[in-house]
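Nothing in this text is a laboratory measurement; each read-out follows from the coordinates by a stated rule. Note that this is a predicted model, so its numbers are computed, not measured. Cβ placement follows ideal geometry from the backbone for every residue including glycine, while neighbour counts extend to all protein chains displayed.
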Amino acid sequence: MNQPDWSREVLEAKRRLEGIVASAMDAIITIDEQQHIILFNPAAELMFGVSSTEVLGQSISRFIPQRFRAGHDDHIGRFRETGVTGRRMGALGAISGVRADGEEFPVEASISQVDIGPERLATVILRDITERVANEEARLLLAREVDHRAKNALAVVQAVVSLTTAATKEEFVAAVLGRVAALGRAHSLLAQNRWKGGDFGQIIADETEAYHKTGQMRCVGPAIALAPDAVQPISLLIHELATNAVKYGALSLPEGHVDLAWEVAATGELEIRWCETGGPPAHTPKSQGFGSTLIATVARQLGGTVDVQWKPTGIRVVTRLPAVNYRADHLGGALSTDEARVSCITAAMRRLLIVEDELLVGMELAKALRSDGWDVIGPAGSIEEAFGLLADIDPPDVAILDLNLHGKLAYPVADLLQTKGVPILFCTGYETPDHGDRYRFCPTIRKPTNLKVLTEELRRLIAGDVEFAH
């Protein structure tokens, strides 16, 4: 007997529906009123790492983290009672699934229900959003890090302007513009490389190209990729050496030469040698200018050493940096009572520790605060250096801590200071640092800092007007 046409149409529709469900990219799970699984499509098998034959008849709760199962049951119960037949994707809110191997992962879900005879079935469509959540977290982290770097860059520029000295206004402007331009080139190089570092050879070319004639400079060394934190300091170092050579050294005379060589020493250190010949004799300066201070500061900031020799044949500078700074490959009126009390703090009480990994910023702070009468300790450029200082001295009366020290949070230093009863002021480029409960009472100033605001906060801390956790 031939089947009626309507029967063939039903079978064809059933096959099409099964094909759609089987080929769907989202997981589709249908459950009965007891929340037992009656449909589990191939995408669900792939998502949860289990075959449909293993889960049919089992409770859907096996795919829900234990801590969320009670809430899930309540939600499904309310959903059934409302009679709502559909919810948009994501209507269940931020939920998690759990794979057969126990791994939790974020999912986006929609739910619908339908009455089939006397029974009500619910169908959940799930989408694994692990990659989307990871991308969003990476985007937020990048945005926060860019904000942090921008604030730090402004603070460094502020420090360069503040620390630069010159005999004339014209010389001052030229020096500041040159140093800020070097910072800008370093920033651009980092941005081009997605903040993964910078090619040392490119930095040398960028910072010396404008200062020597053909044949005056010889550069020899292997391909070296500097770490992100080393790009800006090394750019400033090469810039200072080049400008000094043009003003006073070998590049001030046509017959002068500079040999710049670098290599990885047997110790693993990156050794950079700047050697000038054919220029005026080099004499040890009577006083240390900003350029000389900067050269020493760069090495210290990066955990290395610098040896400057003033020879009759010309200056020779050897800088050695730990391996963490590079890798050997190539990268593309009247006062109020409270104010009066703060102002009357004696100089003997005003011992201040500065911990700041951007040592130019630390130098500027130290200079300004010493001028204001503070007895400054540091600046320390790392957690280890801060620990060393605190081990060798009596506790300071107050401390300024940069929150991020070469990618490490400064809380270990804060913890040590806290045990010594030292009040803490955090200084950071982060817009909204999250200290948690432990340091919620510690004041935080964002970079670039305002000296007046900074000193007022410090004096309030010493006077005891600001509470801090013990």
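One table, with the values for the structure above:
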{"quantity": "Under-5 Å amide H pairs with Gly314, H placed in peptide plane, nonlocal only", "calculated": "Ala282"}
{"quantity": "Distance (nanometres) between label positions extended 7 Å along Cα→Cβ at Ala205 and Thr165", "calculated": "3.8"}
{"quantity": "Ranked list, fewest to most other Cβ atoms within 10 Å of each Cβ, for His283, His239, His257, His36", "calculated": "His283, His36, His257, His239"}
{"quantity": "J(HN,Hα) series, the stretch 195-204, from Karplus relation 6.51 cos²θ - 1.76 cosθ + 1.60, nearest Hz, glycine and proline x", "calculated": "6, 9, x, x, 6, 4, x, 5, 4, 4"}
{"quantity": "Sorted peptide list for 410-418, 365-373, criterion being average Cβ within 10 angstrom, highest first", "calculated": "410-418, 365-373"}
{"quantity": "DSSP bridge orientation in the stretch 164-327 - percent antiparallel, rounded to nearest 5", "calculated": "85"}
{"quantity": "Residues Trp374, Trp195, sorted so that the one with the fewest Cβ neighbours within 10 Å comes first", "calculated": "Trp195, Trp374"}
{"quantity": "Nitroxide proxy distance, nm - points 7 Å out along Cα→Cβ at Arg194 and Arg218", "calculated": "3.9"}
{"quantity": "Given Lys151/Lys420; Lys213/Lys367; Lys151/Lys286, the pairs whose alpha carbons are separated by over 32 Å", "calculated": "Lys213/Lys367; Lys151/Lys286"}
{"quantity": "Relative packing of 292-305, 309-322, 49-62, which averages over residues the other C-beta atoms within 10 Å, highest first", "calculated": "292-305, 309-322, 49-62"}
{"quantity": "Cys427 long-range amide H proximity, modeled H, under 5 Å", "calculated": "Leu401, Asp402, Leu403, Ile445"}
{"quantity": "Over the stretch 164-327: Kirkwood hydrodynamic radius from C-alpha pairwise inverse distances, Å", "calculated": "16.0"}
{"quantity": "Calculated FRET value between Thr419 and Ala265, using beta carbons and R₀ = 45 Å, to 0.05", "calculated": "0.70"}
{"quantity": "Lys, Arg +1 and Asp, Glu -1 on Cβ, resulting dipole of the stretch 164-327 about Cα centre, debye, nearest 20", "calculated": "200"}
{"quantity": "Bins of 10 Å from zero: percent of alpha-carbon pairs in the stretch 367-432", "calculated": "19, 55, 25, 1"}
{"quantity": "Ranked list, fewest to most other Cβ atoms within 10 Å of each Cβ, for Ile20, Ile203", "calculated": "Ile20, Ile203"}
{"quantity": "Sparse-neighbourhood loop sites, GluC sites (Glu not before Pro) in the stretch 360-435 - DSSP loop, at most 13 other Cβ within 10 angstrom", "calculated": "Glu431"}
